[in-house]
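Novice: Attaching a single structure in structure tokens format; questions to follow.
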Amino acid sequence: DAKTTQPTSMDCAEGRAANLPCNHSTISGNEYVYWYRQIHSQGPQYIIHGLKNNETNEMASLIITEDRKSSTLILPHATLRDTAVYYCIVRVDGAGNNRKLIWGLGTSLGVNP
Amino acid sequence: DTGVSQNPRHKITKRGQNVTFRCDPISEHNRLYWYRQTLGQGPEFLTYFQNEAQLEKSRLLSDRFSAERPKGSFSTLEIQRTEQGDSAMYLCASSSGLAWIDEQFFGPGTRLTVL
């Protein structure tokens, strides 16, 4: 069962920041939050992940609340190429060091010119 | 291209037929995952290999499904006696298991349509 809930869809103007929220209120203390995106007809692509601290890389920033019950993915300057479905994911450690990703339904982000 | 590759990209079959998909992971990756994705849904975990050992299977993987990774390199996913409900995108991913990211790199997927 999915451990995350996200808005079904969002729009953003090109060049502006896109802020994608995610709720993961049942997350356990050792479970990571991952974000992937999927452009139409392609395989998912890793964006960023975190445990407790905020994280930033060349693609995005991840802001995690202190209670870890929610997070926000920030794309600082959205472009048309960022149009995709964005998945907020909880990573659960399974059998044999299986770092299993539990996916939600994702947010469809539309970037408008 | 050194990414994850999957073949075929598309497969149309009749109900009751058997199908087999192949995944070639990134060469130095010892972990391999299979996922299934239906329209409008996120990917669902099916099974996980570390080298040639299949260490976890989802309850979604009925006895009609079997996966192998014989030499710890490429993997195959076979579906026997296909049903219309098996129609989906089948995704393969691999990872190195190293570093705290342990990013899973995905292939383009195999889209299965069961008529």
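Novice: Can you give me the relative contact order of chain A as a percent, contacts being Cα pairs under 8 Å and 6 or more apart?
Specialist: 37
Novice: Let me ask something additional. Looking only at other chains, what is the average number of their beta-carbon atoms within 10 angstrom of each beta-carbon in A:91-98?
Specialist: So the per-residue partner count for this stretch is 5.
Novice: Something else now. Taking the dipole about the Cα centre of chain A, with the C-beta of Lys and Arg at +1 and of Asp and Glu at -1, give me whichever of A:4, A:19, A:83 is farthest to the positive side.
Specialist: A:4
Novice: May I pose another question? Can you give the charge dipole size of chain A about its Cα centre, rounded to the nearest 20 debye, using +1 on the beta carbon of Lys and Arg and -1 on the beta carbon of Asp and Glu?
Specialist: About 180 debye.
Novice: Could you give log10 I(q)/I(0) at q = 0.24 Å⁻¹ for segment A:51-113, computed by the Debye formula over C-alpha point scatterers of equal weight, without solvent?
Specialist: For segment A:51-113, the Cα-only Debye profile gives -1.16.
Novice: May I ask for the distance between the Cα centers of segment A:34-59 and segment B:1-37, given as a whole number of Å?
Specialist: If we compute the Cα centre of each part, the gap is 22 Å.
Novice: Could I ask something else about it? Average projected area of the Cα convex hull of segment B:13-73, in nm²?
Specialist: Numbers: hull surface 20.5 nm².
If you wrap the Cα atoms of segment B:13-73 in a convex hull and average its projections, you get 5.1 nm².
Novice: As an exercise, take the mean of 1/r over every pair of distinct alpha carbons in chain B, invert it, and state the Kirkwood radius in angstroms.
Specialist: Hydrodynamic radius (Kirkwood, Cα only) of chain B equals 14.1 Å.
Novice: Working out 0.36 nm times the residue gap between residue B:53 and residue B:10, then minus their Cα-Cα distance, what length gain in nm do you get to one decimal? Walk me through the numbers before you get to the answer.
Specialist: Working: separation 43, 0.36 × 43 = 15.48 nm, distance 2.74 nm.
Extra length from residue B:53 to residue B:10 when fully extended: 12.7 nm.
Novice: If you don't mind, there's one more thing I want to ask. Using the C-alpha atoms of the protein assembly as shown, what convex hull volume per residue, in cubic angstrom, is computed? Could the numbers behind the result be given before it?
Specialist: Details: hull volume 28.3 nm³, N = 228.
In the protein assembly as shown, the Cα convex hull volume per residue is 124 Å³.
Novice: Could you calculate, for segment A:1-108, the ratio of the Cα radius of gyration to the Kirkwood radius, expressed as Rg to Rh?
Specialist: 0.95
Novice: Right, something else. Connecting C-alpha atoms closer than 10 Å in a GNM of chain B, tell me which of B:82, B:47, B:38 has the biggest fluctuation.
Specialist: Of the options given, B:38 has the highest mean-square fluctuation.
Values quoted throughout were computed directly from the atomic coordinates according to the rules given, and no laboratory measurement underlies them. Predicted, not measured: the structure shown is a model, and the values here were computed from it. Here Cβ is always computed from backbone atoms with ideal geometry, including for glycine, and neighbour counts include all displayed protein chains.
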